[in-house]
Amino acid sequence: MKKFLFSLAFLLCQSSSWALDLKQPVLDKIFATNYEVVVAKPTTESVEYERKLPLHLLPFQYRTDKYYSVGSAFRISKNKFVSAAHVFGLGNESQDKNIGLRDSNGKFYPVDKIYKYSRSRDFLVFSVKGMKAGKGLKVNINYSKNKKVYAVGNALGEGVVIRDGLYTSDTPEDREGEWKWIRFSAAASPGNSGGPLLDDKGKVIGVILRKSKSENLNYALPMREILNFKQIAEMKSKTMTYKIDLTDDTHSFKYHYSHKLPMSIKKIDRKLQNDIKDLLDNAAKGFLTEHKTRLFPNDAGSVPMLYNRFTSSFPSILMKGSDNIWSIHKAKNVKTSDTGNGGWVKFGKMGDFYYLKAKRPKNIDANKYYSDSKILMDQILKGIDYHRNIGNESVTITSMGKSVEDRIHIDSFGRKWQVKNWLIKFSDQTFVLYALPTPDGYAMMLSITDTSAAYMMEIDIKIILNNLYYTYYGTLDDWTAFLQQKNIMPEFIKNVSIDTDQKSYIQYKDKNFNFRVENNTMKITKDSDIQLRCSYFKENGKVVWAPVMIAFGENKHTSNYASVSRNMKPPKTLDERYRKRWGNIIEKRTPYNAKTYLNEEMSNITMIRANDINSLNENNVIYALSWHEQGTIDHKVMESKVQEMNSNFKVFD
């Protein structure tokens, strides 16, 4: 069965006696006016598998059928039919659009025009192409409670069946009682949605929609609601709520869209798609507007984050905690998969999304890696287990080919994300990937969802990624190749230059400072690495994402490295625990006293630089230059190295 956004729950299988008391002419008419609603199966495959699919494990009818059976419909006049709105999924961006009716002889009739449509009442009236006009079921709008009823429909997608029960109650629609549902006890199964509920003479009293989760009492919409409804397509809601992973804040909203009918199914489907996108956009905008002063970086709880820096080798997100302070959160149970040739993928899930870090394999050229969506997704699939279930077997998907979409999204802080989408036809799913290029690969957010929900998930991604926290890292070779990708560089890189001959020096320069390390301080090779730590901080009254620390490492096998950090004076109103680093700096407490100290078998020394070195607290910015070396190293050796670094350091701000 196909899944659709906004759909009602499919009906659960129940058992009931066969309706023997209906006379044969009535039964004949019922079967002649009831149809399967079917959707054409995709004729081409978009993925590759680890092995041949064991299709023989599927039932013969399912594997040989050219259509998916998604529900039921019935005729009410010459060429007018009724079904449940959720069966058709109009407005949902499903890949399965060739929808129609199939009769008992297996003939397919595509849907032509829509005459009435209500998403809230969950029904539609439509016509089809190519079917000979005929009589429909008669309608009874005056049938009352405690009488026998018959549920008719394409139960379990295996043909039309009839089952009996009682009309038990009229239940008001639960929000404002705008209409009443028919509650009935006749059994219904997956596939019954959209079928008719009949009285004891075989007349239609309602369209079957859904059932209660915990009892055998099903729901139908009375036919009077359908007959009295205007020729419009309507989507409206009572109060709904928008929420996002970053905070517990919510935004309440309503929507109401209406279009005159009749209209071709393709045209009204496009209009309803646009309506859904519009309401989702407005919900997100309303949320951001309502909570502007309660979101990062405007919320008072954001301030500690603006004056502290962190290392985050895996993509993390700033979220508001129970103490109303914004802090770093990352996925739990992060897993790592070796993808070969020095490449790997780390991944974990947080909320509705996967967070990933990919390391580029050594055998893939950087230009190819950053431009070929197939290469990237093939690597991701070596980490994330995405498979197709056939019978009782699971078959791993190894490739999804090139993405159907490839564009650039620039977030609020000037970071450029490569947006790539893949459509999975057999499951009507979409992979939505936002990939941030890094020197050694990518930091990513990924949504795997029904195609109908992809737009909604992408709205959330675009909000959440503005709170990304990530540290850039790579070898000298990585950085050299990365900086050549001009079209995907983040905004802050415009002010950054990195120069090295990979043997005698490494030099970093941005608008604030210039830092150079030479081989008499640290052994420099092509395997030496650079860590560029960025953070959020205020600059000229505006919060920016920019470098706050640079570190040059000897290589990944040693912990010998030189670093410079840029420390900004925090406001006096900030809680003392978040002012601790600044206090240590201006008081020249360890490690900011230019004295060598041992920590975890590492020798460390830090020297500070400021415009006013005598009155440190008068500075708005103070730099800290550090040298770190494995083992217990003599202070004079450490001191000479940090002094050498200091002689090659220049401050511009």
Q. Of (1) at pLDDT below 95; (2) of a type outside the set (Phe, Trp, Tyr); (3) out of contact with any Gly (no Cβ under 8 Å at 6 or more places or on another chain); (4) on the phi > 0 side of the Ramachandran plot, residue 333 satisfies all except one. Which?
A. (3)
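Here is a yes/no grid of residues against (1) over 28 Å from residue 509 (Cβ atoms); (2) at pLDDT below 95; (3) among the basic types (Lys, Arg):
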position	(1), (2), (3)
552	no, no, no
557	no, yes, no
561	no, no, no
570	no, no, no
574	yes, yes, no
584	no, no, no
605	no, no, no
608	no, no, no
Q) Residue check: is residue 455 free of Cβ contacts under 8 Å to residues at least 60 places away in the same chain, touching a Lys or Arg at 6+ places or on another chain (Cβ under 9 Å) and either among the polar types (S, T, N, Q) or surrounded by fewer than 20 Cβ atoms within 10 Å (Cβ to Cβ) (or both)? A) no
Q: Output the residue which, of all residues in region 487-511 that are of a type outside the set (D, E, K, R) and loosely packed, with under 15 Cβ neighbours inside 10 Å, is farthest from residue 643 (Cα to Cα).
A: 487
Q: Could you grab the pairs with beta carbons closer than 6 Å, sequence gap of 6+ or different chains, first residue in region 267-281 and among the hydrophobic types (A, V, I, L, M, F, W, C), second one in a helix (DSSP H, G or I)?
A: 280/456; 280/459
Q. Would you say residue 514 is in contact (Cβ under 8 Å) with a residue 60 or more places away in the chain, outside the structural domain of residue 427 (by TED's automatic domain parsing), surrounded by fewer than 20 Cβ atoms within 10 Å (Cβ to Cβ) and assigned to a helix (DSSP H, G or I)?
A. no
Q. Considering region 458-486 alone, what residues qualify as being surrounded by 20 or more Cβ atoms within 10 Å (Cβ to Cβ) and over 30 Å from residue 283 (Cα atoms)?
A. 471, 472, 473, 474, 475, 476, 478, 479, 482
Q) Is one or more of the residues making up region 129-151 free of Cβ contacts under 8 Å to residues at least 60 places away in the same chain, under 21 Å from residue 264 (Cα atoms), of a type in the set (A, V, I, L, M, F, W, C) and surrounded by 15 or more Cβ atoms within 10 Å (Cβ to Cβ)? A) yes
Q) Of the numbered conditions (1) out of contact with any Leu (no Cβ under 8 Å at 6 or more places or on another chain); (2) without any contact (Cβ under 8 Å) to a residue 24 or more places away in the chain, residue 379 satisfies every one except a single condition; which is it? A) (2)
Q: For region 557-607, enumerate the residues that are of a type in the set (A, V, I, L, M), part of a strand (DSSP E or B) and in contact (Cβ under 8 Å) with a residue 40 or more places away in the chain.
A: 562, 564, 568, 602
Q: Select from region 517-532 the residues that are over 34 Å from the mean Cα position of the chain (by Cα) and either buried (at least 18 other Cβ atoms within 10 Å of the Cβ) or closer than 21 Å to residue 327 by Cα (or both) and list them in ascending order.
A: 517, 521, 522, 524, 528
Q.
Can you find a residue that is among the charged types (D, E, K, R), surrounded by fewer than 19 Cβ atoms within 10 Å (Cβ to Cβ) and touching a helix residue (DSSP H, G or I) at 6+ places or on another chain (Cβ under 6 Å) anywhere in region 631-639?
A. no
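For (1) farther than 16 Å from residue 204 by Cβ; (2) among the acidic types (Asp, Glu), each residue gets a yes or a no:
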site: 113; (1), (2): yes, no
site: 118; (1), (2): yes, no
site: 124; (1), (2): no, no
site: 133; (1), (2): yes, no
site: 138; (1), (2): no, no
site: 142; (1), (2): no, no
site: 153; (1), (2): no, no
site: 158; (1), (2): yes, yes
site: 166; (1), (2): yes, no
**Q.** Enumeration of residues in region 520-541 that are among the basic types (Lys, Arg) and in a strand (DSSP E or B)
**A.** 533, 538
Q: Output yes when any residue across region 180-192 is surrounded by fewer than 19 Cβ atoms within 10 Å (Cβ to Cβ), aromatic (Phe, Trp, Tyr), more than 27 Å from residue 104 (Cα to Cα) and within 41 Å of the chain's Cα centre (by Cα), and no when none is.
A: no
Q: Among residues belonging to region 493-509 that are basic (Lys, Arg) and not in a loop (DSSP other than H, G, I, E, B), point out the one that is modelled with the highest pLDDT.
A: 509
(Q) Just checking, does region 54-67 include any residue being under 32 Å from the mean Cα position of the chain (by Cα), surrounded by fewer than 24 Cβ atoms within 10 Å (Cβ to Cβ) and of a type in the set (A, V, I, L, M, F, W, C)? (A) yes
(Q) Which pairs turn up if I take residues in region 74-85 that are without any contact (Cβ under 8 Å) to a residue 60 or more places away in the chain and look for partners that are aliphatic (A, V, I, L, M) and in a strand (DSSP E or B) with beta carbon separation below 8 Å, at least 6 apart in sequence or on another chain? (A) 79/128; 80/125; 81/73; 81/101; 81/125; 81/128; 85/124
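Yes/no matrix, rows are residues, columns are (1) within 29 Å of residue 491 (Cα to Cα); (2) surrounded by fewer than 20 Cβ atoms within 10 Å (Cβ to Cβ); (3) among the aliphatic types (A, V, I, L, M):
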| site | (1), (2), (3) |
| --- | --- |
| 534 | yes, no, no |
| 538 | yes, yes, no |
| 541 | yes, yes, no |
| 545 | yes, no, no |
| 578 | yes, yes, no |
| 590 | no, yes, no |
| 602 | no, yes, yes |
| 613 | no, yes, yes |
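Matching residues to (1) in contact with a Gly (Cβ under 7 Å, 6 or more places away or on another chain); (2) charged (D, E, K, R); (3) farther than 14 Å from residue 47 by Cβ:
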site: 360; (1), (2), (3): yes, yes, yes
site: 375; (1), (2), (3): no, no, yes
site: 383; (1), (2), (3): no, no, yes
site: 390; (1), (2), (3): no, no, no
**Q.** Matching entry among 319, 377 (being among the hydrophobic types (A, V, I, L, M, F, W, C), in a strand (DSSP E or B) and within 25 Å of the chain's Cα centre (by Cα))
**A.** 319
(Q) Tell me which strands (runs of 3 or more DSSP E) are completely within region 323-374 and hold 1 or more residues being exposed (fewer than 13 other Cβ atoms within 10 Å of the Cβ), or say none if there are none. (A) 332-340
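The values are calculated or read from the model by the stated rules, or taken from the named source; none is laboratory data. Being a predicted model, the structure only gives us computed values, none of them experimental. Virtual Cβ from ideal backbone geometry, glycine too; neighbours counted across all protein chains shown.
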